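Working notes, structure below.
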Amino acid sequence: MTAYFESNLELLTRYQRYRTREVSIGNIPLGGNNPIRIQSMTNTDTMDTAGTVEQSIRLVDAGCDYVRITAPSVKESENLAVIKSELEQRGYSVPLIADIHFVPRAAEVAARIVEKVRINPGNYADRKKFLQLEYSPSDYQAELDRIRKRFTPLVHLCKNEGTAMRIGSNHGSLSDRILSHYGDTPLGMVESAMEFIRICADENFHDLIVSMKASNTRVMIQAYRLLVEMMEQEGYNYPLHLGVTEAGDGEDARIKSSLGIGSLLRDGLGDTVRVSLTEAPEAEIPVAKRIVQGIEKIVSHEPIPTLANLPINLFEYQRRPTNECLQIGGDHVPVVILDLSHQGSASFDMNAALFSGDRTPDILYLGRSEQDPTRFGSRFCLYDSSTWKQFEDAPNALPLFDLEAYQNTSHKHPVANFVVVPADADVSALPDDTSIIWVLSSINDNQQAARRRFILDLMNHEMQQPVILFKDYGPLPLDRLLIAASGELGGLFNDGLADGIWLRSETNGLSEVKNVSFGILQASRTRVTKTEYIACPSCGRTLFDLEEVTAQIRDRTSHLKGVKIGIMGCIVNGPGEMADADFGYVGTGPGKISLYRGQIVVRPNIPQSQAVDELIALIKNEGYWVEPQ
């Protein structure tokens, strides 16, 4: 399944935006040579015309190109005309998008009013009840015929009205039919959308946009790649809407969003983006802008040698095989190096939060500092090679060489030597010593492609030394650092290509840099060190205050390392969207919450006032609870 990418290997080493067809959405076209568009979604009740109009205006003023509004039933779809009219009277001609899930009639009403409708193939014509189904070939074709009959009226209507359509597959809302046939996989997501794309193409309707959203960034990236592969094979090139769904809030959500969206944008994939935060919708726009701005400088990056061969499957995760060197590489999780080289002779309390808990750095870089490594206990201390010589007898002291120094000395550590290497190095000329741990740096504007080329070339030369990703972000402030680092480096962890991360920052504290490093590993699912919250961004269907409840749950559960908790505002984004959550908190009616274990409801319709306590009790009963330290 890698024919398109394997036959165009320059796609992995030279930035070039994937050329999609242009689709008109009102007065703002999408795809083709148009800028990458930014959008968001209101979280007001769609029947609250004034509130929805005011929030839409705030979104546009913040820089939003399109505004999406939920239309769960016909009455909400009809009210879109009132909202649109009021916006126009206020001087706002922003294209509106109707968000449709279970009600085809609502989509048909909306298609006559707004510029675009979004449908989810997993629940537009199918259902999800977590049933394992078996089909004969004729039975499966009968299901496809049923979907075609139900979907075609909307296709004809959009075609006649000049209304665009987004076919939006979500990892968590794949139908029982798709799950039974393809499994819970990126292929299932893609095929779910392709069934609807083929119907549109058969009806000569091509004003389509396609999305492959997931809260798991690894699944999301693989699904978009596979979508492009399959569209190319079948002669389609529809624009791509990028998003990491249910990303949550705060720093972790920004890292996760930038990792998923930013990695794909750097590979030229994506025509419009939506950042999903469990915060006010207006908060999404600056983050989306920053992610998109992050690729502007890579357009004319320095050339990167094209790979001779692609040694990985871009659609499946497999960790790159490496030598185990101390506790780096092999089957070990990626390590975090914390840079203390600018701290002078500062005294560190080794029992402080910086050096305790699950987010404790594995290696401390001391540079030329002459601090005795014994003061740091058994934690590995990395020194510049010239300084290391005075501590080489200490079991936790390790040397850092530049490439030339390593090649010109016989005075090396017997087990582990960290060697800085530029990403544009000729891999065939590098030493293949098993004691080497490469510290990979790059000055190329296209950081992701330059580093990936080096690592894949190591694989092509059957060299298995571990690789640490190093990047000095200088004076970059924290809000920009976490977006830049996760977008530039995170995708390499998603593809299993790196064994550690080392960020340097002039302007941010050690705790902030450490948290960003661990956050990138968490977002890529390569090293889980804290609770993960899969929280929807709220919309007009939401049945409780998502920000408030998320904060309450986080306050009670943030110490549960590795536990995944879904917090969903309604049943539409309930058991489906939190596809791989361990526990779920889902709004099922006014003042009512249902609790889930995995994707199965176990405590339905609990009063909201009791729901957080009941969630804690469920976690305890299932054996996931530990007392906070």
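Just so you know, all these numbers are worked out from the coordinates, no wet-lab data involved. Computed from a prediction, not measured in an experiment: that's the story for all the values here. Positions of Cβ are backbone-derived with ideal geometry, glycine not excepted, and every protein chain shown enters the neighbour counts.
Here Val155, Val601, Val190 are placed in order of increasing Cβ neighbour count within 10 Å, fewest first, which gives Val601, Val155, Val190. Extension gain for Arg19-Ser386 works out to 127.0 nm (0.36 nm per residue, less the C-alpha to C-alpha distance). Taking 7 Å steps out from each Cα toward its Cβ at Asn160 and Ile443 produces label points 6.3 nm apart.
If packing is taken as the average count of other Cβ atoms within 10 Å, what order do 557-567, 248-258, 369-379 fall into, highest mean first?
In decreasing order of mean packing, 557-567, 248-258, 369-379 become 248-258, 557-567, 369-379.
Going 7 Å from the Cα of Glu88 along its beta-carbon direction, which residues of the range 6-32 have the amide nitrogen within less than 12 Å of the resulting point? Taking a point 7 Å out along Cα→Cβ of Glu88, no residue of the range 6-32 has its backbone N under 12 Å. FRET efficiency for the pair Asn204 and Asp176, taken as 1/(1 + (r/R0)^6) with r the Cβ-Cβ distance and R0 = 22 Å, rounds to 0.10.
Tell me whether the range 476-629 comes out rounded, prolate or oblate; compute the Cα gyration tensor, take square roots of the eigenvalues as a ≥ b ≥ c, and use a/c under 1.5 as the rounded threshold.
Taking the square roots of the gyration eigenvalues as a ≥ b ≥ c, the range 476-629 is prolate.
The gain in end-to-end length when the Arg150 to Arg379 segment is fully stretched comes to 76.2 nm, 0.36 nm per residue minus the alpha carbon separation.
Couplings for the range 485-490, taken from phi via the Karplus curve 6.51 cos²θ - 1.76 cosθ + 1.60 with θ = phi - 60°, read 5, 5, x, 7, 10, x Hz in order; Gly and Pro are left as x. Each residue of the range 288-303 was assigned a 3J(HN,Hα) from its phi angle through the Karplus curve 6.51 cos²θ - 1.76 cosθ + 1.60 (θ = phi - 60°); the sequence is 4, 4, 5, 5, 5, 4, x, 9, 4, 6, 8, 4, 10, 5, 4, x Hz, with glycine and proline shown as x. Which of rounded, prolate, oblate describes the range 335-523, given a ≥ b ≥ c as roots of the alpha-carbon gyration tensor eigenvalues and a/c under 1.5 marking rounded, otherwise prolate only if a/b is larger than b/c? Taking the square roots of the gyration eigenvalues as a ≥ b ≥ c, the range 335-523 is oblate.
The simple spin-label model puts a point 7 Å past each Cα toward its Cβ; for Thr306 and Asp139 those points are separated by 4.8 nm.
Taking other Cβ within 10 Å of each residue's Cβ, how do Ser276, Ser385 sort, fewest first?
So the ranking, lowest neighbour count to highest, is Ser385, Ser276.
For the pair the range 1-26 / the range 471-529, the C-alpha centres are spaced 27 Å from each other. Checking the cross-link pairs Lys389/Lys471; Lys564/Lys620; Lys84/Lys256 against a 21 Å limit on the alpha carbon distance flags Lys389/Lys471; Lys84/Lys256 as lying beyond it.
Compactness ratio of the range 1-63: Cα Rg over 2.2 N^0.38 Å, N = residue count? After normalising by residue count via 2.2 N^0.38 Å, the value is 1.73. Residues Arg37, Arg19, Arg198 in ascending order of nearby Cβ atoms (within 10 Å, fewest first): Arg19, Arg198, Arg37. Placing +1 on the Cβ of every Lys and Arg and -1 on the Cβ of every Asp and Glu, with no other charges, gives the range 3-298 a dipole of roughly 240 debye about its Cα centre.
With a Förster radius of 56 Å applied to the beta-carbon distance between Ile600 and Glu370, the computed FRET efficiency rounds to 0.45.
Report, in deg cm²/dmol and to the nearest 500, the calculated mean residue ellipticity at 222 nm for the chain, where each DSSP H run with n ≥ 4 adds -39500 (n - 2.57) and the sum is divided by the residue count.
One gets -10500 deg cm²/dmol as the mean residue ellipticity at 222 nm.
Contact order, relative form, for the chain: 14 percent (alpha carbon pairs under 8 Å, 6 or more residues apart, mean separation divided by residue count). Beta bridges from DSSP with both residues in the chain: antiparallel share about 20 percent, rounded to the nearest 5.
Kirkwood Rh, Cα Rg: Rg to Rh for the chain?
Result: Rg/Rh = 0.99.
Among Leu242, Ala223, Pro186, whose Cα sits farthest toward the positive end of the charge dipole of the range 134-282 (+1 at Cβ of Lys/Arg, -1 at Cβ of Asp/Glu, about the Cα centre)? Projecting each Cα onto the dipole axis, the largest value belongs to Leu242.
Counting 0.36 nm for each residue step from Leu9 to Asp184 and taking away their Cα separation leaves a gain of 60.2 nm. In this structure, the pairs whose alpha-carbon distance is over 30 Å, taken from Lys412/Lys530; Lys75/Lys592; Lys297/Lys412, are Lys412/Lys530; Lys297/Lys412.
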